[in-house]
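Here the structure is laid out as structure tokens; the discussion comes afterwards.
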Amino acid sequence: MADSPIYDVLVIGAGCGGCSAAMYAARFGMKVLMLGELPGGTITQTHVVENYPGFETITGLELGERLLKHAQAYGAELKMEKALKVEKKADGTFATTTDAEATYLSRTLIAATGAEWKKLGAPGEKEYANKGVHYCALCDGSFYKGKTIAVVGSGDSAAKESQLLAEYGAHVYVFVRGHELHGEPINNKRVAANPKITVFTDVQIREIAGQPKGKMTHLKLTKPCAPMVKQADGSLKPGQPTDSFPADALFVLIGHSPLSILLKEMGVELNARAEVKVDRLMRTNIEGVYAAGDVNDSEFKQAIVSASDGVVAAYSAHQLLEKKK
């Protein structure tokens, strides 16, 4: 470590927030290292993005790749390593240790660690993980061509991803805990207009059941729901309601939990939802540490918001170093 270069800023995360932070920091003339496990971040696992300014429609994979290439074009260095520990040293620099058994020194730190998919917590979820239970429609939806697919969730992710899953499955059933689906209005309209999607409200999944040591086969519900049955003329009509609902797959799309444990361990202040507390300049309670994107306490979690956070964090890091000259 003694011979290692000292970076002006180390960015943890290679998604929308991380790439934007790295790009702007590099434009400011800072020496930048970005650590990431998924090039382009989780946006690359989104089928279609229609709400990122400048692109009427773009795949998540292309958007993530463009952001990453933009950062690298200005000289940001990328290492595909997972940050395991960050320590603030007596001289004010930060030592970040990774799973590659490497330690990197930096004068400032931008955490754009993002969030992970929330688990449903129902019995059977662990037992049937990757045996019917999934969290990424783009990653795993194609395994269920012509099959019956269930989705649990009430937000825009459930509304959007059910449309993608309908391209693969014979029929998609969306189970909503509340009274209605709370997607963006345009996505709600698309769901309602899709004959291959049926939405059930005011219902919860009590258990995920299936073959012992095999795949999931059905869901146990809190109330009976009617699966669609194909008629002799080829049309679909609701069948007999049942609380033991047949399904080949369940996609859990109930939101995300911030990946903030690394920051908590170094003393960064979190809120009750385990999100990093930041001010308008993305500063945390520790000087030189900034947080951008889904890991921080911004109310609106979107790719463009993460990108904006990253830019502001890079600006703040640059301003701090300028003042210390």
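The values are calculated or read from the model by the stated rules, or taken from the named source; none is laboratory data. As the structure is a prediction and not an experimental result, all values here were calculated from the model. We place every Cβ from the backbone using ideal geometry, glycine too, and count neighbours over all the protein chains shown. Heads up: the accessible areas ignore ligands, DNA and RNA and are worked out on the full protein's heavy atoms, side chains in. Shrake-Rupley method; radii C 1.70, N 1.55, O 1.52, S 1.80 Å.
Here are the numbers:
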item	result
Percent antiparallel among DSSP beta bridges (both partners in the chain, rounded to 5)	45
Segment 15-39 and segment 168-227: distance between their alpha carbon centers, rounded to Å	39
log10 of Debye I(q)/I(0), alpha-carbon scatterers only, for segment 31-167 at 0.15, 0.17, 0.18 Å⁻¹	-0.93, -1.06, -1.11
Dipole of the chain, positive direction: furthest Cα of Val172, Gly293, Ala26, with charges on the beta-carbon	Val172
Selection from Phe143, Gln211, Gly132, by position along the positive dipole direction of the chain (Cβ)	Gln211
Ellipticity estimate at 222 nm from DSSP helix runs (n ≥ 4, -39,500 (n - 2.57)) divided over the chain, nearest 500	-7500 deg cm²/dmol
Relative contact order, percent, the chain [alpha-carbon distance under 8 Å, six or more residues apart]	20
Rule-of-thumb Rg ratio for segment 1-99 [Cα; 2.2 N^0.38 Å; N residues]	1.17
Segment Lys277-Ser244, length gained on full extension (0.36 nm per residue, minus Cα span)	7.6 nm
Sequence-distant aspartates and glutamates (8 or more away, or on other chains) whose Cα lies within less than 17 Å of Lys277	Glu265, Glu269, Glu287, Asp294, Asp297, Glu299, Asp309
Principal axes of the chain: Cα extent on each, largest first, Å	78, 41, 31
Base-10 log of normalised Debye intensity for segment 101-148 (one unit scatterer per alpha-carbon) at q = 0.16, 0.23, 0.25, 0.27 Å⁻¹	-0.67, -0.94, -1.05, -1.14
Hydrodynamic radius by Kirkwood, which averages 1/r over all alpha carbon pairs of segment 174-325, in angstrom	19.5
Percent accessible area from carbon and sulfur atoms, segment 257-325, protein chains only, probe 1.4 Å	53
Among Val229, Ser316, Val252 - extreme Cα towards positive end, dipole of segment 208-325, charges at beta-carbon	Val229
